[in-house]
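*Asks:* Once you've had a glance at the structure underneath, I'll fire off some questions.
The values are calculated or read from the model by the stated rules, or taken from the named source; none is laboratory data. Since the model is a prediction, treat every value here as computed from it, not as a measurement. Virtual Cβ from ideal backbone geometry, glycine too; neighbours counted across all protein chains shown.
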Amino acid sequence: MEQRTSKGHALDPEWIEALADILGGPDAYKEAAWFAKRVPSGYIDHNPLIVVGFDAVHVAALELGGQGQPEQDVAKNSSVSAPPVRRGSTFGGIYSLAVPPQALDDLGHFQLRRYGFSSVELSEMVPVFESFGFKVVEVLPTLFQPVESTEKLIHLDDIRLRWADKTQVNFSIDSEADSQRLIDALNAVDRGRCEVDLLNRLVLGAGLHWQQVEIFRAYRQYRLQISKRFSNEELDEALYAFPSVASALVAIFEAKFDPAISSRDEVISNARNQLIHELSLVSDFDHDQILRGYLELIDATVRTSYYLRDSSGQPLPALVLKLAASRLPGGILSHPLLESFVYSPDLEAVHLRAGLVARGGIRWSERIADFRTEVLGLAQAQIKKNAVIVPTGAKGGFVIRDSLDPGPEEVLDAYKTFIRSLLDITDNLIDGHVVTPGGVVAFDGDDHYLVVAADKGTSSFSDIANAISIENGFWLGDAFASGGTHGYDHKAMRITARGAWIAVRRHFEQLEMDVQNDTIKVVGVGDMSGDVFGNGMLQSQSIALVAAFDHRHIFVDPDPDPLISFRERQRLAGLERSSWNDYDRGVLSLGGGVWSRDSKEIPLHPRVRELLGLSAESLSPPELIAAILEASVDLIWFGGIGTYLKDRDESDADIGDPENDLVRITADKVRARVVAEGANLAVTQKARMRYARRGGRINTDFIDNAAGVAISDREVNLKILLDLAIKEQLMDNQGRNSILAEASDEVANGVLRQVDLSLGAITSAVPLSVSELDAFEALIQELVSSNRLDRTGESLPSSEEFARRRENGAGLIRPELAILLSYSKLDLKSALVDDPLVDDPTLLELAHSYFPGSVTQRFAGLISRHALYRQLIATSLAGEIVDRMGIIWARETSAEFNCTLTEVGGAFWASCKVLGATELWLMAENPDLLPGHQTRFTFNQIVANAVNELARIYLRRGETMNPVSVISRDLAPTAAAASSGKLSSWEVVYNAQPVGLLSDALLTPEMSENLANLAKVPRLVEALEVSRSSGRSLDEVMVAFEEVDLVAHSAALSHLLDDVGANGRWMSWQIRGLRDDLANWRVRACDAALAADLSLSPKDAIHNWQAGQSGNLAQVHRLINDAPKYPKDRITLASLALRVLQNAI
């Protein structure tokens, strides 16, 4: 045989027969003869016959597979099978890889064969093999010539490999399984499914399939985002240095998430015990820490897409790991409750959620090394912004790996993969039941609420996201991504700009200016084609826009005619596309102009120099922009992307916006009276603080532009409700879309009202924070201790700073109060959402008022079945409490009465209903009824004081706070007393501290009467209590109250408390407590006197009691009369007087 094979192509029949015996099968001789014609000279001399037969099968398979025929084992009956034909790049287009028989030689070299229609560069293959732990010794090429015209030239590369470092990893290829794992992994690399890195050594070193290795790659990339302690190489090295630990870690992962496992706890326990044993053999400290870090992340993982497959049974293009923040390793900054990390060789993405019901935008990030840090910062801002809506904050971001300048299609493809990956592991809601995706094992309970929004780089992707949602059968359908074809277009509705303009109006109201009629000088960032800037600069015809800039141009108009310039801005906004370069130069004032930011230098007219306070005759574009930001104007309107104001202690590197480093200024240089943040991140929090402390008027971006996120949330919740109507066959999709469009104005008005209330709460808190500074600090401390607030991260005052402000009589500033407003709402919402209080039927009213009236009227019966009903109620109630009663009220009341926040919430709601406070507050929102912000402020405070007093009555009784019972008991009799006129003539001492008086000239007769009766209702509720306990009529008790106040000098005692200035939180508690004691005493005294002898009239009963307590009452009178002599001891005298009165019962 050796002599016959050495003749090259002069093959004799015996050799062909020998090859046919190797191939086997009925057509073996024919196949052997065909192959014999293709082998080149010298091939037979260097290859054993069994390898020749192996090559023959693979060459035939490639020939047929390359012609588009189905992948198959060509020699079906042969003893050698061929792998599928692959298409890739590393190994040269159409190819197949195979490990031949006798692959290991005596020198320890390993043989791998590559078959293809084209040659491949060695430089392409070497890095791949090195990543698996090999060194390429040599590559021996062979060409198999075509025999027929239909055949192709086939390249064979005989690749000889050796281990790169035998001492580091104990490689072995002792079985067909080892060979197949290697080939599978090489094919995965070729297809771009797995990376070329040293983790590939685990395929042979740890006996892992490439998909199992992908688990480590995903965790590695996540670790690099959350901690910089270890490098990429160090994280890899620990795994391939200890392959048995790597295998044990995979075993734990699979024990947790393999859906086929039945006795899961036992399997996990066994795998963990094995891992602990393997870890005990690790001697290096860093290696041990790295390996245990992988375990911690596996423990923190609650879901994964690892076991999911596509329609062809292949692994999904990206791996998702969902982690619970509470289980993450110590020291990792992760405020959100849950985060999902998505990994593929082409993509990394993270989605952070602060709660199960959360929403926020998905952005394309270009910060590959630390995109999670970027997303985390935005998520934290989103949490505060979302305090006014149903979901809490969320944020998502993705990066495209190994692409310095990805095109639009790459960005879109990455976005689609990200969205699909998130939905792959998210529960669905089917017929009211939560359904976990097949193949997903969940350790986090039900989790079916997932919504996304547009953000940087994804602004036009809503329809695409919704199409994926619908394709997946996700329960939210096209409510998954707000906006889109059948959603609310923020720009068309002008909603974000309208909300931010309300903030501007409220700022200038405090400055005694009406921005709708008084001319205001404005500079801004953006252009008229933009949503926030363009729509914002059309909110008033009194705007004198003197300068603006965007990324293309600089616009200056030093002395514009407001009306003419308004019309020109309006024209630009109406164009399909526009820039400042389209501005009509003919309407510019003297010296005005539009310049490109690419200009080397810009000449400055004297009018421009006067406007900006400059002496230079020309400036570079960055210098001119900085001068615009420093201009002495009424308003800076931020409507474009970028961060432009920082604190003087912050570096440009701290900001993370290098594109604007040359134009950014420090807050101490801002001369504008008001700053409005229609855009996100225009001003750093420290800069806001600095500017506000200098007297500037500013909120925060999450307050000023809250209308945008609010409209999106209302869209989603409205769609959820209308989808219920569709399922009940009350309407169809077309009808739903019509209702959405028709209700847009109502929805927008509801959002703008919500924004206005938040702004009013901040304004009210400014003076309150001076007198109640201790209470605000206590709120901060409570939020910090419950891990709800990062005091330093939010730039809130330290304890030392509070002490300084206390000494100087200063309070908090608006940016600080804006943060506390958001966190107090979040705090309340969190307490309420799972409490039985939310099920109280009287609270349904809040859900009804949330939706447009036209929708509520048609579908009121469906609202309580809304998937987010509890969240709707909790959010609305929390908002009402904080906006109406103040930032600290709920926490302070809870602390004073040692009760829960939900009990305070129940008392608030019951009090509002009994008092009719909601209707009064709504009345105050009408500027025609109550003109002037100070009038509205005083009116609202009077109502709030009455609510506070009645809520305190309910809370100090200690009864179970059940609003429906309380309202049904107290509302009708109090309303009857008010309508009968009894309250008007009832002379009773108020318990609430006065907040100011309103002139009757400012009120309608109805409003005057309502306010006059309002303060008496809490006394009336106490009278009802006495009526029930004493058996007397309400009229009799009301008379008794008048008499007991008269004989006990209650009015004088109450005024004595009015004159005491609270000095700190504890004194405030004491004063309020003494007022409560006086009210309690009145109830007990009247009850005792009236019940003593039912035959006596109310007056006689009180006089009879008075006669028996003349000594005590005289002492009370003396103590009150001594008050003017001892002004510093008023609170002591009041306490003593109350003690005497209590002894008189």
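*Asks:* Tally up the residues in segment 1094-1127 that are under 16 Å from residue 1044 (Cα atoms) and in a loop (DSSP other than H, G, I, E, B), please.
*Replies:* 3
*Asks:* In addition: Six or more apart or on different chains, Cβ atoms under 6 Å: show the pairs whose first residue is in segment 528-552 and within 19 Å of residue 591 (Cα to Cα) and not assigned by TED's automatic domain parsing to the domain that holds residue 455 and whose second is assigned to a strand (DSSP E or B) and acidic (Asp, Glu).
*Replies:* none
*Asks:* State whether the residues of segment 737-748 include one that is touching a Lys or Arg at 6+ places or on another chain (Cβ under 6 Å) and farther than 27 Å from residue 881 by Cβ. Walk me through how you get there before you give the answer.
*Replies:* Step one: of segment 737-748, the residues touching a Lys or Arg at 6+ places or on another chain (Cβ under 6 Å) are 747.
Filter again for farther than 27 Å from residue 881 by Cβ, leaving none.
No, the conditions are met nowhere in segment 737-748.
*Asks:* Identify, from the list 640, 695, the residue that is over 28 Å from the mean Cα position of the chain (by Cα), in the same structural domain as residue 528 (by TED's automatic domain parsing) and either at pLDDT below 95 or in a loop (DSSP other than H, G, I, E, B) (or both).
*Replies:* 695
*Asks:* Filter the helices (runs of 4 or more DSSP H) completely within segment 822-924 down to those with at least 1 residues that are touching a Leu at 6+ places or on another chain (Cβ under 8 Å), at pLDDT below 95 and of a type outside the set (D, E, K, R). Show your work before the answer.
*Replies:* Details: elements: 844-850, 853-863, 869-885, 889-897, 901-915, 917-924.
Result: 917-924.
*Asks:* When the residues of segment 396-421 are filtered to those that are crowded, with 22+ Cβ neighbours inside 10 Å and touching a residue at least 60 places away in the same chain (Cβ under 8 Å), which remaining residue is nearest to residue 712 (Cα to Cα)?
*Replies:* By that ranking, first place goes to 418.
*Asks:* Here is a follow-up. Picking from 598, 559, which residue would you name as being outside any strand (DSSP E or B), surrounded by 14 or more Cβ atoms within 10 Å (Cβ to Cβ) and either touching an Asp or Glu at 6+ places or on another chain (Cβ under 8 Å) or in contact (Cβ under 8 Å) with a residue 12 or more places away in the chain (or both)?
*Replies:* Within the list 598, 559, the selection yields 559.
*Asks:* Also, quick follow-up: Consider residue 783 carefully, then state whether it is closer than 30 Å to residue 926 by Cβ, of a type outside the set (D, E, K, R), buried (at least 16 other Cβ atoms within 10 Å of the Cβ) and out of contact with any strand residue (DSSP E or B) (no Cβ under 8 Å at 6 or more places or on another chain).
*Replies:* Working: closer than 30 Å to residue 926 by Cβ: no; of a type outside the set (D, E, K, R): yes; buried (at least 16 other Cβ atoms within 10 Å of the Cβ): yes; out of contact with any strand residue (DSSP E or B) (no Cβ under 8 Å at 6 or more places or on another chain): yes.
Against the criterion (closer than 30 Å to residue 926 by Cβ, of a type outside the set (D, E, K, R), buried (at least 16 other Cβ atoms within 10 Å of the Cβ) and out of contact with any strand residue (DSSP E or B) (no Cβ under 8 Å at 6 or more places or on another chain)), residue 783 does not qualify.
*Asks:* Kindly evaluate residue 248 against the criterion of being more than 28 Å from residue 309 (Cβ to Cβ) and either of a type in the set (A, V, I, L, M, F, W, C) or touching a residue at least 40 places away in the same chain (Cβ under 8 Å) (or both).
*Replies:* When the stated conditions are applied, residue 248 does not pass them.
*Asks:* Does residue 662 satisfy the criteria of being over 24 Å from residue 822 (Cα atoms) and either in contact with a helix residue (DSSP H, G or I) (Cβ under 7 Å, 6 or more places away or on another chain) or outside the structural domain of residue 537 (by TED's automatic domain parsing) (or both)? Walk me through how you get there before you give the answer.
*Replies:* Values: over 24 Å from residue 822 (Cα atoms): yes; either in contact with a helix residue (DSSP H, G or I) (Cβ under 7 Å, 6 or more places away or on another chain) or outside the structural domain of residue 537 (by TED's automatic domain parsing) (or both): yes.
For residue 662, the condition - over 24 Å from residue 822 (Cα atoms) and either in contact with a helix residue (DSSP H, G or I) (Cβ under 7 Å, 6 or more places away or on another chain) or outside the structural domain of residue 537 (by TED's automatic domain parsing) (or both) - is met.
*Asks:* Do we find that residue 653 is surrounded by fewer than 18 Cβ atoms within 10 Å (Cβ to Cβ), in the same structural domain as residue 542 (by TED's automatic domain parsing), assigned to a helix (DSSP H, G or I) and aliphatic (A, V, I, L, M) in this structure? Reasoning before the result, please.
*Replies:* Values: surrounded by fewer than 18 Cβ atoms within 10 Å (Cβ to Cβ): yes; in the same structural domain as residue 542 (by TED's automatic domain parsing): yes; assigned to a helix (DSSP H, G or I): yes; aliphatic (A, V, I, L, M): yes.
Taking the combined requirement at face value, the residue satisfies it.
*Asks:* What is the residue count in segment 102-157 for residues that are assigned to a loop (DSSP other than H, G, I, E, B) and more than 57 Å from the chain's Cα centre (by Cα)?
*Replies:* The qualifying residues number 13.
*Asks:* A further question on this structure: Among the listed residues 737, 699, 749, which satisfies the condition of being buried (at least 19 other Cβ atoms within 10 Å of the Cβ) and of a type in the set (S, T, N, Q)?
*Replies:* Matching residue, one of 737, 699, 749: 699.
This table checks each residue for (1) of a type in the set (D, E, K, R); (2) within 30 Å of residue 512 (Cβ to Cβ); (3) out of contact with any Leu (no Cβ under 7 Å at 6 or more places or on another chain); (4) not in a loop (DSSP other than H, G, I, E, B).
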{"position": "739", "(1), (2), (3), (4)": "no, no, no, yes"}
{"position": "746", "(1), (2), (3), (4)": "yes, no, yes, yes"}
{"position": "751", "(1), (2), (3), (4)": "no, yes, yes, yes"}
{"position": "769", "(1), (2), (3), (4)": "no, yes, no, yes"}
{"position": "792", "(1), (2), (3), (4)": "no, no, yes, no"}
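*Asks:* Within segment 698-720, take every residue that is part of a helix (DSSP H, G or I) and either more than 23 Å from the chain's Cα centre (by Cα) or of a type in the set (Val, Ile, Thr) (or both) and give me the one that is farthest from residue 379 (Cα to Cα).
*Replies:* 720
*Asks:* Still on this structure, please answer the following. In segment 989-1011, which residue that is part of a helix (DSSP H, G or I) and within 45 Å of the chain's Cα centre (by Cα) is modelled with the lowest pLDDT?
*Replies:* Of everything passing the filter in segment 989-1011, 1002 is modelled with the lowest pLDDT.
*Asks:* Taking segment 307-330 as the search range and keeping residues that are of a type in the set (Gly, Ala, Ser), assigned to a loop (DSSP other than H, G, I, E, B) and modelled with pLDDT of 90 or more, which one is surrounded by the most Cβ atoms within 10 Å (Cβ to Cβ)?
*Replies:* Filtering segment 307-330 for residues that are of a type in the set (Gly, Ala, Ser), assigned to a loop (DSSP other than H, G, I, E, B) and modelled with pLDDT of 90 or more, the one surrounded by the most Cβ atoms within 10 Å (Cβ to Cβ) comes out as 318.
*Asks:* Looking at segment 583-595 only, could you name the residues that are assigned to a helix (DSSP H, G or I) and in contact with a helix residue (DSSP H, G or I) (Cβ under 6 Å, 6 or more places away or on another chain)?
*Replies:* Residue satisfying the conditions is 587 alone.
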